[in-house]
Amino acid sequence: MAHQEMLRLRTSRRGMMEITPQVMEIVKRSQIKTGLAHIFVRHTSCSLLVTENADPDVLRDLETLACRWAPDGDPAYAHDLEGDDDMAAHGRSVLTDTSVTIPFGDGRLLLGSWQGIFLWEHRTQGHSREVIVTLMG
Amino acid sequence: MAHQEMLRLRTSRRGMMEITPQVMEIVKRSQIKTGLAHIFVRHTSCSLLVTENADPDVLRDLETLACRWAPDGDPAYAHDLEGDDDMAAHGRSVLTDTSVTIPFGDGRLLLGSWQGIFLWEHRTQGHSREVIVTLMG
Amino acid sequence: MAHQEMLRLRTSRRGMMEITPQVMEIVKRSQIKTGLAHIFVRHTSCSLLVTENADPDVLRDLETLACRWAPDGDPAYAHDLEGDDDMAAHGRSVLTDTSVTIPFGDGRLLLGSWQGIFLWEHRTQGHSREVIVTLMG
């Protein structure tokens, strides 16, 4: 059995936005008890990840690391049509994930105590983002 | 319902090869309407990714970044049996993905306008690559 | 059809532990013939990956690379509650995967000849780790 919904989200700037509650809500609404929740962004300059949702310093430090992994405005980039953060955003997207898949059982996401699902906006300005959630059970 | 097929691909050298059309074709042939398309490489020196398929400069710049993330012939590597690109290829594979999963609905892949599915050959020479596509719906 | 089990593992220190045999056993026990095996860690300081299981030097070299990707005790980190390896572990987790998905057919995992599934402990000391395996077929 497959259940599919689209979430439309608005990011405000570069950084992470937790979307765990929205995914939980979809699992509940589907009435599927056991299976997998697949979450997918239809973009190449933002991404999804599962990381710690307790200490906001973790999110800040991940931002610090990402700025090293794919620096903004690197002189080696050929692709800079939309500014210094354009190619950096694609690089950061490739290093993280276009989709994440979370198991659920007894109608509940089986995340660990400290895990949250995040949309990571990699562009410096906010954008409208489409996320497709597909549950299989 | 599960539908499974193997694609046999021949890469010509290090770089990305778009495989979106082949995956679309399998979704069509399966006659499954809604679900997930999972694509998996049976290798540890090439990988899969979803990234921009409009400007070829993006692919070139990702190559530039990957050469920094896991440099060829790094003196710190112990594993160099097959040459300078051997361990670099494993490192690049670990940073990207052995598999990608794409949702489909109404019999069509739900990729965004600028997204394509790519096989990334990380060895400097071309290889024969096996890719398993599994559709669940 | 969904089949779900939890594995409880004990890591001994930073490094990789192969879990392919445990996953194979679950596929066998499920009696599902064709589908996807999804493996998920309920933690943000260890991760999963598929990489070469023949030469242990590959695992050692991946450790070397990971220490560059997210260095221990970096002065830029704000999050260091649990020591020098705390934020590094989150960074390494984000660069690799909280879950991996492997296709199976005819009751067997369709891994390539050199592929193994590994749990990567990113903390310097060992921990108890919960892994959820969900089979869909």
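Nothing in this text is a laboratory measurement; each read-out follows from the coordinates by a stated rule. Since the structure is predicted, the reported quantities are computational estimates derived from the model, not experimental observations. All Cβ positions, glycine included, derive from the backbone under ideal geometry; neighbour counts span all protein chains shown.
Using the empirical formula 2.2 N^0.38 Å as the baseline, the Cα radius of gyration of the protein assembly as shown reaches a ratio of 0.90. When A:H79, C:H90 are arranged by Cβ crowding within 10 Å, least crowded first, meaning fewest neighbours, the order is A:H79, C:H90. For chain C, the longest principal axis of the Cα atoms and the long axis of helix C:56-69 meet at an angle of about 50 degrees.
Could you work out the relative contact order of region C:2-136? I mean the mean sequence separation of Cα pairs under 8 Å and 6+ apart, divided by the number of residues, in percent.
It comes to 54 percent, rounded to a whole number.
Working note: 222 nm ellipticity from helices only, DSSP H runs with n ≥ 4, each -39,500 (n - 2.57), summed and divided by the residues of chain C, gives -8500 deg cm²/dmol to the nearest 500. Counting only other chain Cβ atoms within 10 Å of each residue's Cβ, the peptide B:122-135 averages 2. By the rule of a C-alpha distance below 15 Å, with chain neighbours fewer than 8 residues away ignored, the aspartates and glutamates paired with A:K28 are A:E5, A:D106. For region C:2-136, the square roots of the Cα gyration tensor eigenvalues, ordered a ≥ b ≥ c, give a/c of at least 1.5 with a/b greater than b/c, which places it in the prolate category. Distance from the alpha carbon centroid of region B:112-135 to that of region B:52-93 works out to 15 angstrom. Shown for C:S113: label points 7 Å from Cα along the beta-carbon vector, and their distances to the equivalent points in the other copies, 4.6, 4.6 nm in ascending order. Computed from Cα positions, the angle between helix B:20-30 and the longest principal axis of chain B comes to roughly 30 degrees.
For region C:121-126, the Karplus equation 6.51 cos²θ - 1.76 cosθ + 1.60, evaluated at θ = phi - 60°, returns couplings of 6, 9, 7, 5, 9, x Hz by residue, with Gly and Pro reported as x.
Enter the mean number of other protein chain beta carbons within 10 Å of the beta carbon of each residue in A:106-114, as an integer.
Counting Cβ atoms of other protein chains within 10 Å of each residue's Cβ and averaging gives 3.
Counting neighbouring beta carbons within 10 Å and listing from fewest to most, the residues B:M24, B:M136 come out as B:M24, B:M136.
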